[in-house]
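Report on the structure given below.
We did not get these values from a lab; they are worked out from the coordinates using the rules stated. For clarity, every value in this text was computed on a predicted model and none was experimentally measured.
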Amino acid sequence: MPHDARELILIRHAPALTGGRLCGRVDVPAALDDAPALARTARALRDVADVITSPALRCRQTAAALFPALDPPSDPRLWEQDFGAEDGLAYADLPDLGPLSLEALAARQPAGGESFAQMVARVRPALLALGAPGGPVAVIAHAGTVRAGLALAMGSAPAALAFEIAPLSLTRLRAYDGGFSVISVNLLA
């Protein structure tokens, strides 16, 4: 491990109250009723040096539940993928993307939105900025943001789409001079 490396702990927000709809940029609240899960997650994060969130309500609420004494900053580059015209649609009304290869899925750009590959490019500078030496940084964001971090570590946006990211899961990356390595993925406290 390089001596100037820093650990990034990417945390997917608590379950979102989506009402059965795709909510990338739709700002919905988090379900914070699982106190034991929140307490376990908070204990697993007790050694973090810094905390940052996506501006999304569900991420800020999760941060407040995990770190009640803090008011962490947010970074708009950590938002979930912009699904454009598909954002807010009921899951039943979304196009069937199952037949697409991971490469085609990473390149697919919904009308008025961004592709996953574009999201990875947006997230990259935000995560690199957090990679300066120091203690671990907790990044409370979205499944897409976590996958973007994995894509950066693996050098492949399509491959990162194969990962499922559970609510309140921890994905640990090591940030080093200009890059990332994967420590662990999708761990529940």
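At 0.36 nm per residue, minus the direct Cα-Cα distance, what do Met154 and Arg43 gain on full extension? Give it in nm, one decimal, please.
Difference between extended and current length: 37.1 nm.
Show log10 I(q)/I(0) for segment 140-189 at q = 0.31 Å⁻¹, two decimals, from a solvent-free Debye sum over equal Cα scatterers. Those come out to -1.30, one per q.
How would you classify segment 27-82 from its alpha-carbon gyration tensor, with a ≥ b ≥ c the square roots of the eigenvalues: rounded for a/c under 1.5, else prolate if a/b is greater than b/c, otherwise oblate? Oblate shape, in that a/c is at least 1.5 and b/c is the bigger or equal ratio. Whole-percent P(r), the chain, all Cα pairs, 10 Å bins from 0: 10, 38, 37, 14, 1.
Considering only Gly88, Gly98, Gly135, the mean-square fluctuation computed in a Gaussian network model of the chain, springs between alpha carbons under 10 angstrom, is largest for Gly98.
Find the relative contact order for the chain and round it to a whole percent, using C-alpha pairs within less than 8 Å whose residues are 6+ positions apart.
Reported as a whole number, the value is 34 percent.
The DSSP beta bridges internal to the chain are antiparallel in roughly 60% of cases. Using C-alpha pairs below 8 Å separated by at least 6 residues, the relative contact order for segment 49-113 is 33 percent. A simple rule links phi to the HN-Hα coupling: the Karplus curve 6.51 cos²θ - 1.76 cosθ + 1.60 with θ = phi - 60°, which for segment 81-86 gives 4, 8, 8, x, 5, 8 Hz, with x for Gly and Pro.
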